[in-house]
Amino acid sequence: MAKRKAAFYTMTIPALLLFFLFHTFPTLQGIFYSFTNYDGYSDSYDFVGFKNFASLFTDSNVLNAYLFTFKYAIVVTIFINVISLLIALGLNSRIKFRNFFRGIYFLPNVLGVLIVGYIFNYIFANAVPMIGEKLGSEILTTNILGSEKWAWIGIVIVAVWQGIAFNTILYLAGLQTIPRDIYEAADIDGAGPWNTFWSMTFPMLASFFTINMVLAMKNSLMVFDQIVALTGGGPGRSTQSIAMLIYQGGFQGGEFAYQSANAVIYFIVIVIISVVQLNFLQKRELDA
């Protein structure tokens, strides 16, 4: 028993130390610096209390970043879950080459976010305008990423295309837990596909729906890589997310302490949204 405990400690303690060193300690450092005027490279700094936190609520750049991020996160979360559920329903049916299509639909999840972003950047900037010229379409000849009004749509397209892969797998796993006998009984009773889905399939997927909604919302609120690869936060600040603002201001703009305070607020906001989502969706599970 002593040898077994020693083996467990040998595996656990190094992992905990690494987690503390590269995750917990930097987080605590960021919280500490959020109460200072540290610029990220000077040798000295002064404590300013809650001044950074108060300034965040009157900063138009911060408010713009939060509005963009919330708009983006809501749209992406809805589209990812609707499309991935439809795909999972199709892949769960008795179709030819079902396993092949499952592998194809999961492929985007394997690719790196930055790689996908740079590929779509080329598609939006070169391939789509070229197709638009041949078709004689003025809308397609314009690079969507260069428009302040529509650039965020390009980011949504990329995020949804890559995000549906993981959610599809989770929905597919949930569909395979539903016994076939139930569907056979529904057919005997004369229930149509629409009634079967809303009365039987969707309620039994409630826990998987909760997981996918929370994960999709959390990942969307933390959007960063897609913006780096596609727009860099532009044109202007039209696609500058909260994470992008923290990075640009904290590491490039000499606002390390100020953006550390922004990161603390950002963390609290994500936690609150996740908790509210979980409580609401879990109540719906019980009602179902």
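No value in this document is a laboratory result; all are computed from the given coordinates. Owing to the predicted nature of the structure, the values given are computational and were not obtained by experimental measurement. Neighbour counts are summed over all protein chains in view; Cβ atoms, including those assigned to glycine, are modelled from backbone coordinates with ideal geometry.
Amide hydrogen proximity for THR36: with H placed 1.01 Å from N in the peptide plane, the residues at 5 or more positions away or on another chain lying under 5 Å are VAL48. For the chain, the longest principal axis of the Cα atoms and the long axis of helix 206-221 meet at an angle of about 30 degrees. Between 0 and 90 degrees, the angle of helix 2-19 with respect to the longest Cα principal axis of the chain falls at about 60 degrees. Using the alpha-carbon centroid of each, what span in Å lies between segment 201-262 and segment 120-141? Computed from Cα coordinates, the inter-centre distance equals 28 Å. Helix 98-110 and the longest principal axis of the C-alpha atoms of the chain enclose an angle of approximately 0°.
In plain terms, the chain is cut at each of the chymotrypsin sites (Phe, Trp or Tyr not before Pro) found in a DSSP loop with at most 13 other Cβ atoms within 10 Å, and the longest leftover piece is 98-288.
The Cα atoms of the chain cover 76, 75, 37 Å along the three principal axes, with the biggest extent listed first. Cross-link check: pairs LYS149/LYS218; LYS51/LYS283; LYS96/LYS283 evaluated at a Cα-Cα cut-off of 28 Å; pairs beyond the cut-off: LYS51/LYS283; LYS96/LYS283. Comparing ARG237, ARG102, ARG94 in a Gaussian network model of the chain, where Cα atoms under 10 Å apart are tied by springs, the biggest mean-square fluctuation is seen for ARG94.
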